[in-house]
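The values are calculated or read from the model by the stated rules, or taken from the named source; none is laboratory data. As the structure is a prediction and not an experimental result, all values here were calculated from the model. Positions of Cβ are backbone-derived with ideal geometry, glycine not excepted, and every protein chain shown enters the neighbour counts.
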Amino acid sequence: MPQCSSCRRYWHVGGPQCPTCGALSKEELQRRSEAASEEVTGRPSVEATDELESIRFSRRDFIIGAVAGGAAATVAVLLPVALIGDEDGEGSAGEEPPIEEGPAVVLTTFPRQRIASLADLRQGEPLDFDYPLQGQQSFVVKLGERALGGVGEDEDIVAFSYLCTHMGCPLVGLYKDEHKILGPCACHFTTFDLTKNGMVVLGQATQNLPQITLAVEGDDLYATGVMGLIYGFRDNLLDAQPVEAAS
């Protein structure tokens, strides 16, 4: 297959000239040079042989240079990692840099707060309370039908934050017992299904209403935690005074 002596392209059909740039193929260039040399001296042309050798050597030199350059770049990157200076500035191989200790991780837990007695609850009538921080409005309600996360004998007692997850508008007074929903929000009409972990069923919000986890001990009902982030807080347990935990 002919290869152009100038642009290095190959072509399948055609004459000895490159269809792209018009230069002669390497084979044709060598043939003509040898023919001319034989007419004069009876020996192959030295110029043609030297030209072909220069093509081969230039490619080989390029490859060797590229490999050498890549190896040098790798050494330049790895050397600072392998040699780590000590306090006197002397590098030593194989040593790892000292690891500075960061601030201690502080784990927080939700307070356990008594919020009502089972005898206080009436179906469809929410009872309000603050949790887990003072000022974080929440409510507990007996739905009258089984719900995800529900407690009590019928697993129908649930509690949620009153703050809409879209823009934090309050949802106080918007519980609809007929459909077991909270809403629609007065700001952008978001509505939450309280039987399905506060799932959004209408409106602009994209996150469930934060659900307060509950526990029953005898006739007492306790709030024990929160599933989801309450709107307006970077952490459910920061930036405000926590409620008093039950003793």
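For the range 173-202, filtered to residues that are among the β-branched types (Val, Ile, Thr) and crowded, with 18+ Cβ neighbours inside 10 Å, the residue that is farthest from GLY144 (Cα to Cα) is THR190. Each residue in the range 203-220 was checked for being assigned to a strand (DSSP E or B), exposed (fewer than 15 other Cβ atoms within 10 Å of the Cβ) and under 29 Å from the mean Cα position of the chain (by Cα), and 0 pass.
For the condition under 33 Å from the mean Cα position of the chain (by Cα) and modelled with pLDDT of 95 or more, VAL172 does not qualify.
Mind checking whether some residue in the range 214-232 is within 16 Å of LEU127 (Cβ to Cβ) and of a type in the set (Val, Ile, Thr)? Yes; the residues of the range 214-232 include at least one that is within 16 Å of LEU127 (Cβ to Cβ) and of a type in the set (Val, Ile, Thr).
Taken over the range 139-181, the criterion of being touching a residue at least 40 places away in the same chain (Cβ under 8 Å), in a strand (DSSP E or B) and not β-branched (Val, Ile, Thr) is satisfied by ALA159, PHE160, SER161, LEU163, TYR175.
Within the range 125-168, if we keep just the residues that are among the β-branched types (Val, Ile, Thr) and within 17 Å of PHE192 (Cβ to Cβ), the residue that is nearest to the chain's Cα centre (by Cα) turns out to be THR165. Among the conditions (1) in the same structural domain as ASP130 (by TED's automatic domain parsing); (2) closer than 18 Å to GLN134 by Cα, GLY173 misses just one, which is (2). Of the residues making up the range 128-169, those that are of a type in the set (A, V, I, L, M) and either at pLDDT 95 or above or farther than 16 Å from THR224 by Cα (or both) are VAL140, VAL141, LEU143, ALA147, LEU148, VAL151, ILE157, VAL158, ALA159, LEU163, MET167. With respect to LEU121, is the statement that it is in contact (Cβ under 8 Å) with a residue 24 or more places away in the chain, under 18 Å from MET227 (Cβ atoms) and more than 32 Å from the chain's Cα centre (by Cα) true? Spelling it out, it is not the case that LEU121 is in contact (Cβ under 8 Å) with a residue 24 or more places away in the chain, under 18 Å from MET227 (Cβ atoms) and more than 32 Å from the chain's Cα centre (by Cα). In summary, VAL158 fulfils each of the numbered conditions (1) over 15 Å from PRO126 (Cα atoms); (2) among the aliphatic types (A, V, I, L, M); (3) surrounded by 18 or more Cβ atoms within 10 Å (Cβ to Cβ) with the single exception of condition (1).
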